[in-house]
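Below you'll find the structure, written out as structure tokens, and then a few comments.
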Amino acid sequence: MPRICCGLLLVFPLLCATANAQSKKDVPTVAAASDLKFAVEGIATKFRSDTGRHVKFAFGSSGNFYRQIEQGAPFQMFMSADEDFIFRLAASGRAEDRGAVYAIGRIVLFAPHGSPLKVDAQMAGLKAALADGRIRRFAIANPEHAPYGRAAEQALVKLDLWKTLRPRLVLGENVSQAAQFAAGGSAEGGIFAYSLALAPSVSRLGTYALVPKTLHEPLRQRMALLKGAGETARAFYQYVQQPAARDLLKKYGFVAPGGQ
């Protein structure tokens, strides 16, 4: 009997170590549009509390993530700021299906404290500041691969400000970097995601006005599971569609699907 007990004591730690190693293999990396940073980290914390499961995030521009996934990047789930990238991944067989819309995004005009730019929804203050030379730099995300940058461009074009403002643009690699430029004083102002403007670390640095949604195409944000997704990624995908996650998205200014 003592020999059997000793044997069990020796084997038990090995079994525990194996189990832990297996669980670590199922910690998926989710590719998430950078406008989601504050909202989705809150969702992940609640997901961990409710399920005991962990997820990791990579934040960046949706266009860049699309290209990385097409080239075989090992993400298990993609939360895009532009649903078209999800449709393309589904068509190429990289995504399991066409996924689900999880939110509708909005953009804001932002000016840091001390800026000569006065913010308003129709950007009359921006037009006036441009006319008298008070705007030297203005930040948006790169429209070539960032959906929020494209929405900013569309709004500026509609208000006949794009041509004047274009030489003064400071382009962020993604919308989070554009927010850093605008809020951190590297520019007199900028246009970026409402969700980022609502974060305390950003909102305390300046003032903002919500841009009318009629000035740009809807920012329909869609997510999908990618080929090879594991159990935890599947659980998180379902969790994002539940009321607890929807409430957190609403807190950061996202409109629920069908609520626009």
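The values are calculated or read from the model by the stated rules, or taken from the named source; none is laboratory data. None of the values given here were measured: they were computed from a predicted structure. Positions of Cβ are backbone-derived with ideal geometry, glycine not excepted, and every protein chain shown enters the neighbour counts.
Before moving on, here are some points about what is shown:
- Which numbered condition Glu173 misses (of (1) surrounded by 20 or more Cβ atoms within 10 Å (Cβ to Cβ); (2) assigned by TED's automatic domain parsing to the domain that holds Ala141): (1)
- Selection within the stretch 181-204: residues that are within 15 Å of the chain's Cα centre (by Cα) and among the small types (Gly, Ala, Ser). The member of this set that is surrounded by the most Cβ atoms within 10 Å (Cβ to Cβ) is Ala193.
- Output for the stretch 220-234, where each listed residue is touching a helix residue (DSSP H, G or I) at 6+ places or on another chain (Cβ under 6 Å) and not charged (D, E, K, R): Ala224, Leu225
- So Ala155, is it crowded, with 17+ Cβ neighbours inside 10 Å and more than 26 Å from Glu41 (Cβ to Cβ): yes
- All positions within the stretch 18-36 that are in a helix (DSSP H, G or I) and modelled with pLDDT under 95: Thr18, Ala19, Asn20, Ala21, Gln22, Ser23, Lys24, Lys25
- Residue in the stretch 134-144 that is at pLDDT 95 or above and either over 23 Å from Gln177 (Cα atoms) or in a helix (DSSP H, G or I) (or both) present: no
- Just one of the numbered conditions (1) part of a helix (DSSP H, G or I); (2) in contact with a Phe, Trp or Tyr (Cβ under 6 Å, 6 or more places away or on another chain); (3) over 19 Å from Phe65 (Cα atoms) is not true of Ala129: (2).
- From the list Ala111, Ala139, Ala151, Ala121, the one residue that fits, being in contact with a helix residue (DSSP H, G or I) (Cβ under 6 Å, 6 or more places away or on another chain) and under 19 Å from Leu198 (Cβ atoms), is Ala139.
- Under the condition of being assigned to a helix (DSSP H, G or I), more than 17 Å from Arg222 (Cβ to Cβ), in contact (Cβ under 8 Å) with a residue 24 or more places away in the chain and touching a strand residue (DSSP E or B) at 6+ places or on another chain (Cβ under 8 Å), the residues counted in the stretch 40-67 number 1.
- Residue that is free of Cβ contacts under 8 Å to residues at least 12 places away in the same chain and under 24 Å from Ala141 (Cα atoms), where the choices are Arg222, Arg204, Arg234: Arg204
- Hits in the stretch 205-260 (condition: surrounded by 18 or more Cβ atoms within 10 Å (Cβ to Cβ), small (Gly, Ala, Ser) and assigned to a helix (DSSP H, G or I)): Ala233, Ala245
- Selection status of Leu215, in the same structural domain as Gly114 (by TED's automatic domain parsing) and either in contact (Cβ under 8 Å) with a residue 24 or more places away in the chain or touching an Asp or Glu at 6+ places or on another chain (Cβ under 8 Å) (or both): no
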